[in-house]
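Q: Below is the structure I would like to discuss, written out as structure tokens.
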Amino acid sequence: MIKKLFAKCCRTILLIVCKLVTGVQARWYSPPCDAVTIYYANHTSHLDGLVIWSSFPKKLRKLVHPVVAKDYWEKNSLKKFIAIEVFNSVLINRHTNTHENPLQPLIATLEKQQSLILFPEGTRGNGEQIVDFKSGLYHLAKQFPHIHFVPVYLNNLNRVLPKGSKLVVPIICSAIFGSAISPLHENESKADFLLRAKQALKDLI
């Protein structure tokens, strides 16, 4: 009980700090809904998931889970507590062996009718360009053809918390939520789908 209460307090504090530091302005092309959705975004800062998550109406936050790297967020007990208890993140192993499916935690979450925040570039970029997507987004689209895939473009987050820096610089940021892309087309190749998904994100710039 105490642990849950402490997590709730941390969540509230982090949301307030996030809004103060980034002044995040969320813009939605389509109103947010409770349909199962994968929100996929460009990745330039450790604040990215928090900014997207904080942009949702309060009632949706319990249904949306940031996808984070297990090797980073399990480095110490504080990071693990923030990832799991505060934001109810889905942790994935980026260094699995051939007998493990790294997408299994994501699949399990989607099967529970919960949504995800995903960064298909796989690693943080420099904020200047969007690099090619990893294949995970395609495999999820193939296995879950009826869920929504919504692109989210994050602007200025790389300047708030630059890669390799621990200094937070208050700058106005924005999160642009586009319309859901059309489902995976019949006979559409992995390369074509990933290119189409990436273009939908670039179109929000």
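Q: At a 10 Å Cβ-Cβ cut-off, how would you order Ile172, Ile38, Ile84, fewest neighbours first?
A: Going from sparsest to densest Cβ surroundings: Ile172, Ile84, Ile38.
Q: Antiparallel as a % of all DSSP beta bridges within the chain, to the nearest 5?
A: 20 percent
Q: Further question on the same structure: Past 18 Å, Cα to Cα: identify those pairs from Lys3/Lys79; Lys142/Lys190; Lys79/Lys134; Lys62/Lys112; Lys134/Lys202, in the order given.
A: In this structure, Lys79/Lys134 exceed 18 Å between Cα atoms.
Q: Which of the helices in the chain meet the span-like rule: DSSP H, Cα axial reach of 15 Å or more, Kyte-Doolittle mean at least -0.5?
A: 2-22, 190-202
Q: At 25 °C and 0.890 mPa s, grab the translational diffusion coefficient of the chain from Stokes-Einstein with a Kirkwood Rh over Cα pairs, rounded to a whole number in µm² per second.
A: Translational diffusion coefficient: 141 µm²/s.
Q: Here's a follow-up. Given the rule -39500 (n - 2.57) for each run of at least 4 DSSP H residues, summed and divided by the residues of the chain, what is its mean residue ellipticity at 222 nm, to the nearest 500 deg cm²/dmol?
A: Only helices count here, giving -10000 deg cm²/dmol.
Q: Going by average Cβ density within 10 Å per residue, which order do the peptides 192-200, 105-113 take, highest to lowest?
A: Numbers: 192-200: 17.0, 105-113: 15.3.
Averaged packing, sorted descending, gives the order 192-200, 105-113.
Q: Hey, could you get me the Stokes-Einstein D for region 92-205, Kirkwood radius over alpha-carbon pairs, 20 °C and 1.002 mPa s, rounded to whole µm² s⁻¹? Each step should come with its number before you reach the end.
A: Values: Rh = 15.8 Å.
It comes out at roughly 136 µm²/s.
Q: Could you work out the relative contact order of the chain? I mean the mean sequence separation of Cα pairs under 8 Å and 6+ apart, divided by the number of residues, in percent.
A: Averaging sequence separation for qualifying contacts and normalising by length gives 31 percent for the chain.
Q: Right, next: Given charges of +1 on the Cβ of Lys and Arg and -1 on the Cβ of Asp and Glu, with all other atoms neutral, how large is the dipole of the chain about its Cα centre, in debye to the nearest 20?
A: Taking the Cα centre of the chain as origin, the dipole is about 880 debye.
Read the figures in this text as sums done on the coordinates, not as results from a lab. All values reported here derive from a predicted model rather than from experimental measurement. FYI the Cβ positions are ideal-geometry reconstructions off the backbone, even for glycines, and counts take in every protein chain you see.
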